[in-house]
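Chemist: Structure below; questions to follow.
The values are calculated or read from the model by the stated rules, or taken from the named source; none is laboratory data. Keep in mind it's a predicted model, so treat the numbers as computed, not measured. Note that we place each Cβ from the backbone using ideal geometry, even for glycine, and neighbour counts take in every protein chain shown. Side chains included, ligands, DNA and RNA excluded: accessible areas come from the protein's heavy atoms. Shrake-Rupley method; radii C 1.70, N 1.55, O 1.52, S 1.80 Å.
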Amino acid sequence: MSSGIYIVANDRVIDNAIALLNSIRYYDPEVPIYLIPFNDNYHKVAEQLATLHNVQIFPDLELIDTFTKRIGEIFDRNFLALPNKMRKLVAWFGPLDEFIYIDTDIVVFEKIADNLDKLSEVDFFCCDYHYANEKLRNIFSPFVKEQQIFSDTQLQDVFNSGFWASRKGVITEQQMDEALRECAAHREYFDFSQGVTDQPILNYLVLKLISKRGNLVKIPGGGPGSWAGSRNFQQQDYALYDRGQRLKYLHWAGTRMKTGSPYWQLWEHYRYLHEGKFAFIPKLTRRLFPFVSART
């Protein structure tokens, strides 16, 4: 049985993708990783990640193209403006039997694929506190709870769409197609008010179609957090800790990645992990002292 990791990227997010892959490979040199192209502008990032980290392109590009067109047919553009945002869903139909999907605005702090052992107990898992902190915001409208589209117990399993895991075959193409049509027919179910895209739809699919679900933070005492908006994490040796527990990963969800962003220096560490100390010299210093090199 094959297991590994999927990411979605294009050339626009190449820096984030490099940071993520540098962190993954730092802890795990061997795990298979597949790039699902976000659009046709992916050749630079694909070449870079293949060279640095043996990342492979998703082998069935025709499937991705067909799936994207199908999404465009099912959803009105006023409902879902960017069908490409849904491309991560092809993970259920890819080459990996068990997989973790990871957004590129994430870095990891452990051999992240080891968490796939959880799939011996469930068919899907996430690892975040969205259910506790955000609750239904950026996923479902109050209508879903009021009309009992899902039970209160089911709604305790909502999750952030940037990090999750499942296995091939748990959702069939026919099941997904039918569920996506349900979503398209019931825009009133969803909360898109803050500009999220795939997250509400993915949550609907998982709650509707996968009954055996888990969340890695739901352990006695609670697992460590993962959101970069939390300022209470402690840094040690280029990893973060929450109440003494090492984070599995850090996700800059909803945060524009730039100088001054939360934990920015940590992101820079992983982005320039293989490029020497020169990467950390402030840009102003580089302009004033262009002769400074990584070997000084």
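Chemist: In nm, what is the difference between 0.36 nm times the number of residues separating residue 1 and residue 15 and their Cα-Cα distance?
Modeler: Here the answer is 1.9 nm.
Chemist: Right, another one. Which order, highest average first, do 176-183, 246-253 follow once you tally other Cβ atoms within 10 Å for each residue and take the mean per peptide?
Modeler: 246-253, 176-183
Chemist: Mind checking which aspartates and glutamates have their Cα closer than 15 Å to the Cα of residue 135? Skip sequence neighbours fewer than 8 apart in that chain.
Modeler: In chain and number order, the partners are 146, 152, 157, 191.
Chemist: Just name one of 120, 130, 197: the one whose Cα is farthest towards the positive end of the charge dipole of the range 46-198 (beta-carbon charges, Lys/Arg +1, Asp/Glu -1).
Modeler: 197
Chemist: Of (i) 23.5, 91; (ii) 19.5, 66; (iii) 20.6, 69, which is the value of Rg and Dmax of the Cα atoms in Å derived from the coordinates here?
Modeler: (ii)
Chemist: Here's another thing I want to ask about it. About the Cα centre, and with charges only on the beta carbon of Lys, Arg (+1) and Asp, Glu (-1), how big is the dipole of the chain? Nearest 20 debye, please.
Modeler: Using only the charged Cβ atoms, the result is roughly 1120 debye.
Chemist: Then there's this: As an exercise, identify the GluC sites (Glu not before Pro) in the range 100-151 lying in DSSP coil whose Cβ has no more than 14 other Cβ atoms within 10 Å.
Modeler: Numbers: sites: 110, 121, 134, 146; in loops: 110, 121, 134.
When the GluC sites (Glu not before Pro) of the range 100-151 are filtered for loop state and at most 14 Cβ neighbours within 10 Å, 121 remain.
Chemist: Tell me which aspartates and glutamates have Cα within less than 14 Å of residue 168's Cα, excluding those fewer than 8 residues away on the same chain?
Modeler: Reachable aspartates and glutamates: 97, 98, 123.
Chemist: Quickly estimate the mean residue ellipticity at 222 nm for the chain, helices only: each DSSP H run with n ≥ 4 gives -39500 (n - 2.57), and the total goes over all residues, rounded to 500. Display every interim value, and only then the final one.
Modeler: Working: 10 runs with 91 residues, N = 296.
Rounded to the nearest 500, it is -8500 deg cm²/dmol.
Chemist: Which of the listed residues, 158, 106, 90, is farthest toward the dipole's positive end in the range 76-176, when Lys, Arg count +1 and Asp, Glu count -1 at the beta-carbon?
Modeler: Among 158, 106, 90, the one farthest towards the positive end of the dipole of the range 76-176 is 90.
Chemist: On a straight-distance basis, which lysines could pair with residue 44 in a cross-link, Cα separation under 27 angstrom, same-chain partners fewer than 8 positions away excluded?
Modeler: 69, 85, 88, 111, 258, 277, 283
Chemist: How large is the accessible surface of residue 15 in square angstrom, using a 1.4 angstrom probe and rounding to the nearest 10?
Modeler: 70
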